[in-house]
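*Asks:* Can you keep this structure in mind? I'll have questions shortly.
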Amino acid sequence: FEDVLPSIKERYHPTIFSFHSISKGVAGECGIRGGYCHVTNGTDDLNALLYKVASVSLCPNTTGQMALSAVLRAPPRGSESHERDLAERTAQFQSLQQRASQLGEALDALDGMSCVKPAGAMYAFPRFDAPRGALAEAAKRGIPVDTLYAFELLEDQGVCVVPGSGFGQRADTWHFRTTILPLDVDVAAAKIGEHHRKFMKRYTSS
């Protein structure tokens, strides 16, 4: 976006906000909290307001600040650790790409489920069809059917996902959110697949 900014800046006066964090970036350090917001072409008033808001907000702890500094300040070219750092970052990025493809393709191949391969996030958000029996069981328990799906997946396979009803999904559609971060994401995908087949069979015949 910043590459095209000079050609449209005078006509549209756009302001670009960029967000990044340790837990959601290539580093994928979910237990460490720290991030930043970068503003391009912001007005003085906007920048002053953002600075004021940031000044009264809680800061990440020392560990988070140190980790964020390491993420933002890669060893410069020619330094002793540059090649090693570059190799580690490249390997991590390629690993995330591979896991995103593995999980997205495995879930999308299941009958009654569709999934767009994650392209810029640590999560997949597959959609699944809910049989009438599942809808009836969920209504009896007083919970959304995707919550029923998530509870039974946890009980059946030990895999924890987040029901899509917590994300403002379209009415009468059902999803869940799962992550691509586990190194053995193929194992998680296989467990989700096993549960999904049993779930569909159980509630289609009920």
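*Asks:* Calculate, axis by axis, the spread of Cα positions in segment 1-104 along the three principal axes, and write the results as whole Å, longest axis first.
*Replies:* 41, 38, 35
*Asks:* Something else: Once the Cα atoms of helix 82-108 and of the chain are each reduced to a long axis, what angle between those two axes, in degrees from 0 to 90 to the nearest 10, is obtained?
*Replies:* For helix 82-108, the angle is close to 30 degrees.
*Asks:* Can I ask one more? Across bins of 10 angstrom width beginning at 0, how are the C-alpha pair distances of segment 155-206 distributed, in whole percent?
*Replies:* Histogram of Cα-Cα distances, whole percents per bin: 21, 44, 32, 2.
*Asks:* Another question, then. Could you give the Stokes-Einstein D for the chain in µm² per second, using the C-alpha Kirkwood radius, 20 °C, 1.002 mPa s? Let's see the in-between values first.
*Replies:* Working: Rh = 20.3 Å.
It comes out at roughly 105 µm²/s.
*Asks:* For segment 62-71, in order, what is each residue's ³J(HN,Hα) by Karplus, 6.51 cos²θ - 1.76 cosθ + 1.60 with θ = phi - 60°, in whole Hz (x at glycine and Pro)?
*Replies:* Going residue by residue, I get 4, 4, x, 5, 5, 5, 5, 4, 5, 5 Hz, with x marking Gly and Pro.
*Asks:* Applying the Karplus parametrisation 6.51 cos²θ - 1.76 cosθ + 1.60 with θ = phi - 60° to the phi angles of segment 149-160, what ³J(HN,Hα) value in whole Hz is obtained for each residue in order, glycine and proline being reported as x?
*Replies:* Couplings: 4, 5, 4, 5, 5, 5, 5, 7, 10, x, 9, 9 Hz.
*Asks:* What is the set of long-range amide H partners of Phe176 at a cut-off below 5 Å, with H atoms built 1.01 Å from backbone N?
*Replies:* Amide H neighbours of Phe176: Gly164.
*Asks:* Can you give me the % of accessible surface on the chain that is carbon or sulfur? Probe 1.4 Å, all protein chains present, nothing else counted.
*Replies:* Details: 7440 of 13470 Å².
Here it works out to 55 percent.
*Asks:* At 25 °C and 0.890 mPa s, what whole-number value in µm²/s does Stokes-Einstein give for the translational diffusion of segment 78-160, with Rh from the Kirkwood sum over Cα pairs? Walk me through the numbers before you get to the answer.
*Replies:* Numbers: Rh = 15.5 Å.
Estimated diffusion coefficient is 158 µm²/s.
*Asks:* Sticking with this one: So how do 128-140, 6-18, 55-67 stack up, highest first, on mean other-Cβ count within 10 Å? Let's see the in-between values first.
*Replies:* Numbers: 128-140: 16.4, 6-18: 10.2, 55-67: 11.8.
So the order, starting with the most tightly packed, is 128-140, 55-67, 6-18.
*Asks:* Sticking with this structure for a sec: Rounded to whole Hz and in sequence order, give me ³J(HN,Hα) for segment 39-55 from the Karplus expression 6.51 cos²θ - 1.76 cosθ + 1.60, θ = phi - 60°, writing x for Gly and Pro.
*Replies:* 10, 10, 6, x, 6, 4, 5, 5, 4, 5, 5, 5, 5, 5, 4, 5, 5
*Asks:* Ignoring everything but the protein chains, give the 1.4 Å probe accessible area of Val53 in square angstrom, nearest 10.
*Replies:* Only protein atoms counted, so the area is about 80 Å².
*Asks:* List the trypsin sites (Lys or Arg not before Pro) in segment 154-206 that DSSP assigns to loop (not H, G, I, E or B) and whose Cβ has at most 11 other Cβ atoms within 10 Å. Which are they? Working shown, then result.
*Replies:* Working: sites: Arg170, Arg177, Lys191, Arg197, Lys198, Lys201, Arg202; in loops: Arg170.
Hits after loop and neighbour filter: Arg170.
*Asks:* May I ask you to give the solvent-accessible area per residue for segment 66-163, in square angstrom, as obtained with a 1.4 angstrom probe? Don't skip to the answer; put the middle values down first.
*Replies:* Numbers: 5890 Å² over 98 residues.
I get 60 Å² per residue for segment 66-163.
The values are calculated or read from the model by the stated rules, or taken from the named source; none is laboratory data. This one's a predicted model, so the numbers in the text were calculated from it and none came from an experiment. Quick reminder, even Gly has a Cβ in these numbers, built from the backbone with ideal geometry, and neighbours come from all protein chains shown. For the accessible areas, the whole protein counts, side chains as well, though only heavy atoms, and no ligand, DNA or RNA atoms are used. Shrake-Rupley method; radii C 1.70, N 1.55, O 1.52, S 1.80 Å.
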